[in-house]
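Colleague: This is the structure, below, for whatever I ask next.
The values are calculated or read from the model by the stated rules, or taken from the named source; none is laboratory data. The structure displayed is predicted, hence computed values, not measured ones. No Cβ is skipped: glycine too gets one built from the backbone with ideal geometry, and neighbour counts run over all protein chains shown.
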Amino acid sequence: MNIIVTGGAGFIGANLIRRLLEDQSLFILNIDSLTYAANLNAIEEFDKNINYSFAKIDISDKKAIEKIFREFKPDKVMHLAAESHVDKSISNPIDFINTNILGTYSLLNASCEHFNSLSDQKKSSFIFHHISTDEVYGDLEENDDPFTEKTAYSPNSPYSASKASSDHLVRAWHSTFNLPIVISNCSNNYGPGQFIEKLIPMTITNAIQGLPIPIYGDGTQIRDWLYVDDHVKALKKIVYYGKPGETYNIGGSNEIRNIDLVNEICNIFDTLNSSENKEISSFKDLIVFVNDRPGHDKRYAINSDKIEQELKWKPKEDFNSGIKKTIQWYIDNKSWWHRD
């Protein structure tokens, strides 16, 4: 079976490919433009596997995408490639429009052309799996029920608006052109190998270096945290067993305020005493509160009942064990993330 993974050099994509390659009957083509957040170490690791190939392509390059589809002839497409950093979407939204909207459009067009060329037997198993975010739903008040697959879209940042647009395109290609699709919307991912612009790796790596740990506003924003390996196991379930035309929410059942999250990481570092700055008495002293970003969502929370009931998936990692594994990885792999 041939599977295209877009964005396979990114944090979630690299973990997904690692899991997919455990099945020796699969052949994986990783399409990635290798932006600043690419995990080049993962690329090198996969290069040793004869079931893996790589194409450096910008997904918004329509002709290049159409050519690679004709050559590789995928049985399934797992689309993860995206610009995903909210702060960058505020300062430079055009990159998010180009990649998240126009890039998804070019993939859908290539998938349609390819799908229409398949035999009936091949068509019955083809799927375009679009991996999206819970941020398309907007935000919640503290006592609101978590997002479900029926929650109305209400994005609040250029990033989430671009992802919401791509979700709508995917649904439209299913309804209008009969392309078999599934969509998954996940909560915040974390784990080893995440790029250091994100909250958890930034907090960890700043603590290691004894640098200030910034928190937006008062830190009371609430997020649901999903360990990345649990997420990719859910993605495998969806791409194999998900019902075409359906959406599946994937959550970690770990809601926590940003300030409490950072304090917990600091507590662990106080126990480990792993900073390069030996003058630190408590890592909480490194916390600094900075001006909140525009349109900062208050709370995200995911209801995962549908995927748990229909596809028999549940997260295995609790936050306490997952964050300890993540911290230890960044301590042990400074050469991966440190920029001199």
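Colleague: Test each condition in (1) touching a Pro at 6+ places or on another chain (Cβ under 6 Å); (2) modelled with pLDDT of 95 or more for S89 and report the one that comes out false.
Modeller: (2)
Colleague: Of the residues in the range 189-199, how many are surrounded by fewer than 21 Cβ atoms within 10 Å (Cβ to Cβ) and closer than 19 Å to E255 by Cα?
Modeller: Count: 1.
Colleague: Now a separate question. If a residue must be surrounded by 19 or more Cβ atoms within 10 Å (Cβ to Cβ) and either of a type in the set (S, T, N, Q) or closer than 24 Å to I181 by Cα (or both), how many such residues does the range 32-47 contain?
Modeller: So the answer is 2.
Colleague: Criterion first (in contact with a helix residue (DSSP H, G or I) (Cβ under 6 Å, 6 or more places away or on another chain) and of a type outside the set (D, E)) does A37 satisfy it?
Modeller: no
Colleague: Taking the conditions exactly as written (touching a residue at least 24 places away in the same chain (Cβ under 8 Å), among the aliphatic types (A, V, I, L, M), surrounded by fewer than 24 Cβ atoms within 10 Å (Cβ to Cβ) and assigned to a loop (DSSP other than H, G, I, E, B)), does L140 satisfy them or not?
Modeller: yes
Colleague: Is there any pair with a first residue in the range 35-60 that is without any contact (Cβ under 8 Å) to a residue 24 or more places away in the chain and a second that is assigned to a helix (DSSP H, G or I) and not hydrophobic (A, V, I, L, M, F, W, C) whose Cβ atoms are under 6 Å apart and which are 6 or more apart or on different chains, and what are they?
Modeller: Every condition considered, no pair remains.
Colleague: Now for a different question. Can you name the residue in the range 169-187 that is surrounded by fewer than 21 Cβ atoms within 10 Å (Cβ to Cβ) and in contact with a helix residue (DSSP H, G or I) (Cβ under 9 Å, 6 or more places away or on another chain) and, of all such residues, is nearest to P315 (Cα to Cα)?
Modeller: Among residues in the range 169-187 that are surrounded by fewer than 21 Cβ atoms within 10 Å (Cβ to Cβ) and in contact with a helix residue (DSSP H, G or I) (Cβ under 9 Å, 6 or more places away or on another chain), the one nearest to P315 (Cα to Cα) is P180.
Colleague: Scan D340, D292, D332 and give me the residue that is surrounded by 13 or more Cβ atoms within 10 Å (Cβ to Cβ) and either at pLDDT below 95 or out of contact with any helix residue (DSSP H, G or I) (no Cβ under 6 Å at 6 or more places or on another chain) (or both).
Modeller: One residue alone meets the criteria, D292.
Colleague: Identify all residues within the range 295-329 that are farther than 15 Å from D229 by Cβ, charged (D, E, K, R) and modelled with pLDDT under 95; write none if there are none.
Modeller: D297, K298
Colleague: For I50, indicate whether it is crowded, with 22+ Cβ neighbours inside 10 Å, over 25 Å from I200 (Cα atoms) and at pLDDT 95 or above. Steps first, please.
Modeller: Details: crowded, with 22+ Cβ neighbours inside 10 Å: no; over 25 Å from I200 (Cα atoms): yes; at pLDDT 95 or above: yes.
No, not satisfied.
Colleague: Under the condition of being outside any loop (DSSP other than H, G, I, E, B) and touching a residue at least 24 places away in the same chain (Cβ under 8 Å), which residue from the range 311-324 is nearest to G242 (Cα to Cα)?
Modeller: Result: L311.
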